[in-house]
Amino acid sequence: MSPAEIARRAALAVRDRTLPPAYMRWSPDQAFERLFPAGWAQTLGGSRLERLVHVPAGAGAFEPVVGAARELGAGRWSVFGHAVRLDDPPRWRRDPLGAGEWPDRPSHRIDYRAAGGAGLKPTWELGRLTMLPTLALAARVTGERAFAEQASRWLADFTRTNRLGRGLHHTSGIEMAVRVLTTTWTLALLAGGADDAAGPAGGELAGSLGLLMQQALWCRDHLSLGSSANNHLIAEYAAMAVAGAAFPQAPVSRALLDHGHRGLENETLRQIHDDGVPAEQAFGYLPFVWELLLPALSACEVAGRTVSGAVRGRLRASLDFARAIRLPVGRWPQIGDEDDGRILLAVEGPSRLDLVGNALAAWLSADGLGSEQALALLLVGRPAHAPRAAAEGAHEFARGGLTVWHSSGLTVTFDHGSLGLGSLAAHGHADALAVTIFEGVTPVVLDPGTFAYHEDPAARDRCRGTPGHGTIHFGGRSQSEMLGPFLWGARAVMARRGEAWECAWASGERHRRRVTVHGREIAIEDQVTGNAAELCFTLAPAAEVQIEGQRATVRSGRTTVVFEAGGTEAWRREPGEYAPRFATVVPAPRLCARLAGPGARTVIRVAG
């Protein structure tokens with residue numbers, strides 16, 4: 001951080017603790033009384049809020065949502081793919097994965113970075129209230145009052161036990177911002193239901209409206225500017241825009257809407273390159289960023305604001321980038337961080353890339369990505385156009401730093417991008433010049449994924465360090481200097497060299513790589529300057545490996561792959577790890593070979 005940014009953050013901290021804005025001192029009920037007109041919202045029906053959602057008659061595309069709501073009614077939920085039990089209402093400060101419970105104390109006194117005895121991300125996930133729109137939508141499509149009552153009861157309980165400035169759930173702006181979105185869409189769905197379904201909004205849920213606006217104001221006053229201006233900043237602007245658009249009765253709404261809309265326009269163009277690649281170099285975050293932008297931008301339109309052609313064009317480019325990296329079942333090669341972030345229809349099963357991508361495609365009147373149309377129907381009121389796959393051949397995203405090949409059933413990626421966005425590059429990995437290879441949905445060469453952020457610092461560094469990726473490392477070190485879970489020091493620098501790309505390591509070594517793909521054969525040519533150069537590939541967890549000197553045969557499922565190396569010593573099989581999704585890690589073998597000189601050539605042939 002720059003001296004100016006440090007000074008700004010310090011001044012905010014001092015102000016918040018000595019002379020905070022009035023709204024930070026109010027209870028949620030007081031916030032409702034002082035931020036909304038007297039007597040308003042005895043019912044939310046007939047308000048602008050209802051225009052945020054489109055619910056066709058019958059369950060139809062929403063059957064998985066109704067199924068998830070029934071599970072919630074029985075106390076069953078899923079966090080990062082792990083089945084958990086929830087009380088009614090949930091214990092909001094307890095880690096649902098069972099690691100402990102966070103204290104009930106002022107938010108500024110909780111050092112969440114230290115993690116302590118409780119899991120951070122799973123507890124935050126619970127506090128994002130992503131289950132509430134699921135319950136409210138189930139109430140709409142089935143007419144079952146119990147779902148609406150459960151959503152209202154849980155929202156009221158969260159509000160009562162988590163007032164602004166107290167507890168874990170108010171320690172980070174992005175958590176409050178996501179909660180503004182989930183609360184707004186919960187209320188929108190309840191408002192549009194049966195007449196009695198909307199009744200609690202002006203009574204027992206009045207405090208929830210007050211807390212919603214308090215959180216939007218907090219985001220306005222604590223924007224993630226400077227070094228931390230990444231997807232957190234998009235979330236904060238989205239919260240401001242949504243609160244301002246959905247609740248025009250509040251006197252602060254117009255200013256929130258204007259500020260949020262302007263910020264969303266600017267950040268979309270800053271955080272997504274003109275070729276559609278996310279500037280954070282964390283491609284798993286793309287569906288989450290879309291899910292922040294799309295509801296907020298569509299809410300701006302409902303409120304009469306125009307979304308610029310430049311922003312629409314940038315989002316259309318990001319949709320085409322997603323089409324290029326999409327694997328056949330709607331997954332994508334893991335490159336950079338991803339934490340399974342989701343907001344609406346946050347159920348297990350459907351591909352988030354397809355679900356949110358199709359909603360974006362419907363809004364843009366563009367070709368879709370897959371078959372998941374539920375979110376498109378909810379947010380836009382119509383499905384996306386028929387899905388279209390990426391064309392065969394090479395797709396180079398020079399600005400974003402990635403080349404993708406679709407060749408005879410293979411998907412191959414070659415990362416030649418920068419470390420990440422801004423001075424922190426918080427979600428980037430030291431994975432320059434790494435490759436991933438898939439045959440259909442079968443992994444051949446993998447990125448190690450993202451296992452944890454705060455809870456396991458050593459695993460955090462292994463997942464984002466160079467040795468775990470499909471590239472070359474020198475003596476087990478990383479291309480850029482890791483200083484903290486979301487902080488980098490001296491960085492590697494990328495440059496194009498003819499048909500190759502070169503990574504100049506922060507520690508002085510150099511690695512130049514050229515990748516070509518012909519049919520089902522991938523050729524990798526490496527040139528290095530530095531000692532102890534080692535070529536490594538992380539393989540599928542269940543891969544079987546047979547080694548004969550510089551030839552290795554790898555079997556992953558029904559796929560057989562031969563790795564032939566020239567200019568290296570014999571291949572070795574080493575233990576490694578792979579995180580298929582956040583908070584889950586499994587053993588995975590690594591195929592490694594030390595370079596015998598300054599150059600090597602590896603040919604990878606996928607049988608079939």
Next on the checklist: Give me the percent of accessible area attributable to carbon and sulfur for segment 1-141, probe 1.4 angstrom.
Outcome noted: 52
Checklist entry - With every protein chain left in place, what is the accessible area of Asp258 in Å² (1.4 Å probe, nearest 10)? => result 50
Next on the checklist: From the C-alpha coordinates alone, can you work out the Kirkwood hydrodynamic radius of segment 80-230, in Å?
Outcome noted: 16.0
Checklist entry - At a Förster radius of 35 Å, what calculated FRET efficiency corresponds to the Cβ-Cβ distance of Arg85 and Val302, to the nearest 0.05? => result 0.40
Checklist outcome for this item: Using eta = 1.567 mPa s and T = 4 °C, Stokes-Einstein with Kirkwood Rh from Cα pairs puts D for segment 92-179, in µm² s⁻¹, at 94
Item to check | Relative contact order (%) - the chain, alpha-carbon pairs under 8 angstrom, separation at least six | outcome: 10
Checklist entry - Roughly how much of Arg316 is accessible, in Å² to the nearest 10, using a 1.4 Å probe? => result 100
Next on the checklist: Order 523-535, 157-169 from most to least packed using the mean count of other Cβ atoms within 10 Å.
Outcome noted: 157-169, 523-535
Item to check | Rounded to the nearest 20 debye, dipole of segment 256-342 from Cβ charges on Lys, Arg, Asp, Glu | outcome: 320
Checklist entry - Taking all protein chains as present, what is the carbon and sulfur share of the accessible area of segment 461-608, in % to the nearest whole number, probe 1.4 Å? => result 49
Checklist entry - From the Cα gyration tensor of segment 1-108, with a ≥ b ≥ c the square roots of its eigenvalues, which class applies: rounded if a/c is under 1.5, or else prolate if a/b is larger than b/c, or else oblate? => result oblate
Next on the checklist: What number does the chain give for Rg over Rh if you use C-alpha atoms and the Kirkwood radius?
Outcome noted: 0.98
Item to check | Cβ-placed point charges (K, R +1; D, E -1), dipole of segment 472-547 about Cα centre in debye, nearest 20 | outcome: 260
Checklist entry - Taking the Cα centre of the chain as the origin, how large is its charge dipole in debye, to the nearest 20, when only Lys and Arg (+1) and Asp and Glu (-1) carry charge on their Cβ atoms? => result 640
Checklist entry - Any number yet on Rg/Rh for segment 163-307, C-alpha, Kirkwood? => result 0.98
Checklist entry - When you take every Cα atom in segment 485-591, what is the radius of gyration, and what is Dmax, the widest Cα pair distance, in Å? => result 16.2, 43
Checklist outcome for this item: Sorted by accessible surface (1.4 Å probe, heavy atoms of the protein chains only), largest first, Met24, Met131, Met1 come out as Met1, Met24, Met131
Checklist entry - Using 17 Å as the cut-off for backbone N distance, which residues of segment 511-529 belong to the label zone defined by a point 7 Å from the Cα of Glu564 along Cα→Cβ? => result 516-526
Checklist entry - What is the ratio of the Cα radius of gyration of segment 424-568 to 2.2 N^0.38 Å, where N is its residue count, to two decimals? => result 1.08
Item to check | Debye equation applied to the C-alpha atoms of segment 83-128, log10 I(q)/I(0) at 0.16, 0.24 Å⁻¹ | outcome: -0.40, -0.86
Item to check | Surface accessible to a 1.4 Å probe, per residue, for the residues of the chain, Å² | outcome: 35
Checklist entry - For the charge dipole of the chain, defined by +1 on Lys and Arg C-beta atoms and -1 on Asp and Glu C-beta atoms about the Cα centroid, which residue among Thr436, Ile547, Gly210 has the Cα displaced farthest towards the positive pole? => result Gly210
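The values are calculated or read from the model by the stated rules, or taken from the named source; none is laboratory data. From a predicted model like this one, the values you see are computed outputs, not experimental measurements. Neighbour counts run over all protein chains shown; Cβ positions are idealised from the backbone, glycine included. These area figures cover heavy atoms from the full protein model, side chains too; ligands, DNA and RNA do not enter into them. Shrake-Rupley method; radii C 1.70, N 1.55, O 1.52, S 1.80 Å.
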